[in-house]
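The values are calculated or read from the model by the stated rules, or taken from the named source; none is laboratory data. Note that the structure is a prediction, hence the values are computed from the model and not measured. Every residue, glycine among them, receives a Cβ derived from its backbone with ideal geometry; neighbour counts consider all protein chains shown. Protein only, heavy atoms only, side chains kept; ligands, DNA and RNA dropped before computing areas. Shrake-Rupley method; radii C 1.70, N 1.55, O 1.52, S 1.80 Å.
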Amino acid sequence: MERQLDPMKDDLPLMANTSHMLVKHYILDLDVDFKSKVIEGIIVLFFETGSQYRRSSSTGKGGCQSEFDETCKMRASEPCHAPVTNVSACSSKTEYNDFAVCGKGEEDTSDKNGNHSNKEQASGIPSSKNCYDVENHGNKDFLLVLDCCDLSVLKVEEVDVAAVSGIEKFTRSAKVTDVSKDLENLRNQIVHELVTLPADRWKEQLHYFTCCSQAPGCGELLFTAGTWSLEIRKSGIQTPADFPHAIRIWYKTKPEGRSVTWTMDQSGRPCVYTMGSPINNRALFPCQEPPVALSTWQASVRTAAGFVVLMSGENSAEPVQLREGILTWYYYVTMPMPAATFTIAVGCWQEVKQPSVTASIQTNTEFSLPPSQADFRCNEEVCGHVEYPCRFQNPAARLQAVIPYRVFAPWCLMERCEERLLQLIPQCLSAAYTTLGTHPFSRLDVLIVPSNFSSLGMA
């Protein structure tokens, strides 16, 4: 029987087996329903096999990368597309409305609360304690373990990324037959090539991630949901290298889930936002939480007209009308970050605008750096982090003392924010730049949250 943890006193159990498989990219496709206080939808996860479990005979990054570089060129002006999905627990049929992207260990043995696909009983899937060990238990199915809590998982399936139109650009050097084993290897090779694309091809990468997330399923996977984890396996698959590297999960949150707060804003209108604690985002989507798990993501979020969706993202999202009364918002992130830094806030927020264009220009000019400091910024050392489109290597970004920002608040606080906050933010950004250097992110959204916000802040 599981020991109940107190998130205020105990450390959260890190259940995900990141040494076997590591999530490199998430794509979330969600509906926010204020009547039921539920966020429901689909998440697609793209994995890379843990370095110690990759096959020595598998095609490495250099195996067909040179040919891919020659054959998979994509115009910079070619838009990326984000999926919009009509989610149903009983159907895997999806509808998509494309739109352009602008610019740029506790043991789990209880089946009491578990959800099981294909009528599988809990006893048929090993617990996290008995998770597959590559070296010593070669006769067992490999078990993928994700961190999650307070989620209702409806279905898990493998994604047939090989069915995506144009995806053969990733596999020209692969010799494929009709044998199902070769098709499985082909799908995993495609994902490997996709997650290892160079950073300067991030637009192309997001485009293909989206295309792959829309690909049809090619078989349901067995799963069980425990208190702190989601365990997934595929019958007959005994190694992480052979396990599907792109999976799709249908799920929904619970009103009592501890990763989000459903409440009222200062104007008495409904809103919901991520708390960031005490259990991070594991009650918002299945994820990996060990420190080694850094990933990028894309998210499409639909909600009723009149609501604004704010999210951690590098683009300033604008709503697109999906159908009458329903808007969809799309955000993306190209800097690998922990899943706990994924944030979302949905409410009847109003954007607080600058009083005039002239004032905005004066504000940004006032806090530009003097020439001596500007020269110093240009001589900053080269970064040593993993590869991604880094602003520290962009000369223009390194001289940007005040990054673009937006301010959102409930309507009752609009006037006060205009009078006070708009004048303060550029001073804060400039002071941070002077002290810490180049802003790592290209933009900032500031939201005035309700007074019952219990966390230290959203990332």
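Taking the residues in the stretch 251-281 that are surrounded by fewer than 21 Cβ atoms within 10 Å (Cβ to Cβ) and on the phi > 0 side of the Ramachandran plot as candidates, determine which candidate is nearest to the chain's Cα centre (by Cα).
Here the answer is GLY276.
Can you tell me which of LEU284, LEU294 is farther than 19 Å from PHE408 by Cα, open to solvent by 10 Å² or more (accessible area, probe 1.4 Å) and under 19 Å from the mean Cα position of the chain (by Cα)?
Of LEU284, LEU294, the one residue that is farther than 19 Å from PHE408 by Cα, open to solvent by 10 Å² or more (accessible area, probe 1.4 Å) and under 19 Å from the mean Cα position of the chain (by Cα) is LEU294.
Which of the residues belonging to the stretch 198-213 are more than 16 Å from TRP297 (Cβ to Cβ) and crowded, with 21+ Cβ neighbours inside 10 Å?
Across the stretch 198-213, there are no qualifying residues.
Kindly check whether there is at least one residue in the stretch 174-184 that is modelled with pLDDT of 95 or more and part of a helix (DSSP H, G or I).
Checked the stretch 174-184: no residue is modelled with pLDDT of 95 or more and part of a helix (DSSP H, G or I).
Please determine whether any residue of the stretch 367-384 is loosely packed, with under 12 Cβ neighbours inside 10 Å and at pLDDT 80 or above.
yes
Check whether at least one residue in the stretch 348-362 is out of contact with any Phe, Trp or Tyr (no Cβ under 7 Å at 6 or more places or on another chain), part of a loop (DSSP other than H, G, I, E, B) and modelled with pLDDT under 55, and report yes or no.
The answer is no, given that none of the residues of the stretch 348-362 is out of contact with any Phe, Trp or Tyr (no Cβ under 7 Å at 6 or more places or on another chain), part of a loop (DSSP other than H, G, I, E, B) and modelled with pLDDT under 55.
Are there any pairs with C-beta distances below 9 angstrom linking a residue in the stretch 384-397 that is among the hydroxyl-bearing types (Ser, Thr, Tyr) to a residue that is open to solvent by less than 50 Å² (accessible area, probe 1.4 Å) and outside any helix (DSSP H, G or I), with the two at least 6 apart or on different chains, and if so which?
Every condition considered, the pairs that remain are TYR388/THR296; TYR388/THR334; TYR388/MET335; TYR388/PRO336.
With (1) under 26 Å from the mean Cα position of the chain (by Cα); (2) assigned to a helix (DSSP H, G or I) as the list, and GLU418 as the residue in question, which single condition is left unmet?
Failing condition for GLU418: (1).
Is there any pair with a first residue in the stretch 232-246 that is among the aromatic types (Phe, Trp, Tyr) and a second that is open to solvent by 20 Å² or more (accessible area, probe 1.4 Å) whose Cβ atoms are under 7 Å apart and which are 6 or more apart or on different chains, and what are they?
Going by the 7 Å Cβ cut-off, the qualifying pairs are PHE243/LYS234.
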